[in-house]
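Trainee: Please find one structure pasted underneath; my questions will follow.
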Amino acid sequence: MRTSIQILPGIKAIGWVDCRRLPANVALSAICGMQVVILTDIHPIAFFDEPTCQCKTKKDGGGYEDTATLKFLTDRKLPRGAVLGFVVTDVNDKSYLLGSLESPHPTVESERRTGIPSGDAAGCEYEIRHVAIKSMVPCVI
């Protein structure tokens, strides 16, 4: 089993999108080397501290499987009614999509923190995981 890990050099912006409004087969487009165009609203997420985004690729039998993980701390709760996808823009102005119209969709875990008076941040910590044949798809916004 062989794996490789890609970690973004620094995150400049994070936004959520409704996966039901994404184009079809974004993973297949990415495998073909095409960039995906996001033609829906991207709702910005204000974050603090240092968010991280990484994608681990694993060779499994005759194919590959990507696991993308995005972690960030924010002061707002994300909506619960929509099927959420995420667009991450790095400091080099390259954008990546975590999510797709088809299943599997990203899983969203949240943890509410109150922090301590000596300086720990308070807010909601989110961890988003997306497992697909291609995740962290390059996109144009």
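Derivation of every value follows stated rules applied to the coordinates shown; laboratory data play no part. If you're wondering where the values come from, they're calculated on a predicted model, not measured in any experiment. Using ideal geometry, Cβ is built from the backbone for each residue, glycine included, and neighbour counts are taken over all protein chains shown.
Trainee: Obtain the nm distance between the two label points defined at residue 125 and residue 43 by a simple spin-label model: each point lies 7 Å from its Cα along the Cα-to-C-beta direction.
Mentor: According to this spin-label approximation, the distance is 2.4 nm.
Trainee: Now, a different point. So what's the projected area for the stretch 1-139, the Cα convex hull averaged over all directions, in nm²? It would help to have the intermediate numbers written out before the result.
Mentor: Values: hull surface 36.4 nm².
Taking the Cα atoms of the stretch 1-139, their convex hull projects to 9.1 nm² on average.
Trainee: Enter the per residue convex hull volume of the stretch 68-141, computed from alpha-carbon coordinates, in Å³ rounded to the nearest integer. Please report the intermediate quantities before stating the final value.
Mentor: Details: hull volume 8.0 nm³, N = 74.
In the stretch 68-141, the Cα convex hull volume per residue is 108 Å³.
Trainee: If you don't mind, another one. Could you work out the longest stretch of the chain that avoids the trypsin sites (Lys or Arg not before Pro) located in DSSP loops with at most 10 other Cβ atoms within 10 Å? Please report the intermediate quantities before stating the final value.
Mentor: Working: sites that count: 2, 76, 80.
Within the chain, the longest run free of exposed trypsin sites (Lys or Arg not before Pro) spans 3-75.
Trainee: For the chain: lysine pairs with Cα atoms under 12 Å, gap of 8 or more or different chains, count? Before the final figure, lay out each step's value.
Mentor: Working: 12/94; 56/134; 58/134; 59/134.
Lysine pairs, 8 or more places apart or on different chains, close enough: 4.
Trainee: Something else: What is the dipole size for the chain, taken about its Cα centre, with +1 at each Lys and Arg Cβ and -1 at each Asp and Glu Cβ, in debye to the nearest 20?
Mentor: Numbers: 16 positive and 16 negative charges, 51 e Å.
My answer is approximately 240 debye.
Trainee: According to a simple spin-label model (label point 7 Å from Cα along Cα-to-Cβ), what is the distance in nm between residue 12 and residue 107?
Mentor: With each label placed 7 Å out from Cα toward Cβ, I get 3.2 nm.
Trainee: May I pose another question? By how many nm would the segment from residue 65 to residue 93 grow when fully extended, if each residue of separation counts as 0.36 nm and the alpha-carbon distance is taken off? Don't skip to the end; give the middle numbers.
Mentor: Values: separation 28, 0.36 × 28 = 10.08 nm, distance 2.55 nm.
Full extension of this stretch gives 7.5 nm more.
Trainee: Mind telling me which of 87, 108, 17 comes out most flexible in a GNM of the chain, alpha-carbon contacts under 10 Å?
Mentor: Greatest mean-square fluctuation among the candidates belongs to 108.
Trainee: Between 63, 99, 123, where does the largest GNM mean-square fluctuation fall for the chain, given springs only between Cα atoms within less than 10 Å?
Mentor: Its mean-square fluctuation being the largest, the pick is 63.
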